[in-house]
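The structure appears below as structure tokens.
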Amino acid sequence: MAELIGERASIFAKRVAACLAVAVVIAGGKVDGAVAQPTNNSQQQQPNIQGQPNNQQGQTQQQGEQRARRPSAFERFARQAAAPPRVALINATIYYNNGRALSATVREARLVNSYAPKSFAQDAGDWMVMIYGFEVGEDAGQQQGPDDVQRARPSEARLLKRYRILDPGVGVERETPPGSEQAFERVLLNGPYEWRLVAPLYEGARKFDPRTIEVIDTRTGRVVLSRQFG
């Protein structure tokens, strides 16, 4: 009886030992997998972390490059060409003697964004307006890239436009006394006369960058007024 009990105890102990061994093997495999899995993930993810730049750093670098890049000459010309047309406003006092302009004093001169469509169309009279300067976009010849406009700016201002206007000294009229044959008569001015010149700084697609505007009396060749800009 004792031998039978000992034999069964021995068999039970062997089974328990076998079960423990299997459990240890299974547990060991899970532990190894748990330990090895993070290691493998870290090895796979590390190249991605080192190889791919941070999105925020990439955006910051791209914005810095955009700020640092100077606009090309073509881009500057495009912006200037898209700008609204301008006119030159010159307010002056002209001093007359029997209808002849002797001299003039410029009180104010400025450039404004506006239109003056009828100035070139009239083109009649004894005074000649001369506009000297450059065309907008002529400084695009400073080449900065292959797509830039190769158009050198002249070293000196040139005559861009000239047109005729009426002499205000001979265009002043007043009503005649009752009973006269004509209702109005021209008056020859004497003394100071307040006058305004509106000079367009464009013609078709051309736009002017003025440096000097002169008004000349074509009958005498005298410069009535001259004003510099820029």
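The values are calculated or read from the model by the stated rules, or taken from the named source; none is laboratory data. Values in this document were obtained by computation on a predicted structure and should not be read as measured data. Methodologically, a virtual Cβ is constructed for each residue, glycine included, from the backbone with ideal geometry; neighbour enumeration extends over all protein chains shown.
Here are some notes:
- Selection status of V215, free of Cβ contacts under 8 Å to residues at least 12 places away in the same chain, surrounded by 12 or more Cβ atoms within 10 Å (Cβ to Cβ), within 24 Å of A124 (Cα to Cα) and of a type outside the set (S, T, Y): no
- Test result for L189, surrounded by 12 or more Cβ atoms within 10 Å (Cβ to Cβ) and in contact with a helix residue (DSSP H, G or I) (Cβ under 6 Å, 6 or more places away or on another chain): yes
- Subset of the range 181-195 [part of a loop (DSSP other than H, G, I, E, B) and farther than 19 Å from Y95 by Cα]: E181, Q182, A183
- Answer residue from the range 192-202, given it is closer than 19 Å to E214 by Cβ and either of a type in the set (V, I, T) or surrounded by fewer than 12 Cβ atoms within 10 Å (Cβ to Cβ) (or both) and is nearest to the chain's Cα centre (by Cα) among those: V198
- Evaluation of P178 against the conditions (1) of a type outside the set (A, V, I, L, M); (2) in a loop (DSSP other than H, G, I, E, B); (3) at pLDDT 85 or above; (4) surrounded by 12 or more Cβ atoms within 10 Å (Cβ to Cβ) shows that the sole unmet condition is (4).
- Subset of the range 80-135 (residues that are of a type in the set (K, R) and in contact (Cβ under 8 Å) with a residue 12 or more places away in the chain): R86, R100, R107, R110
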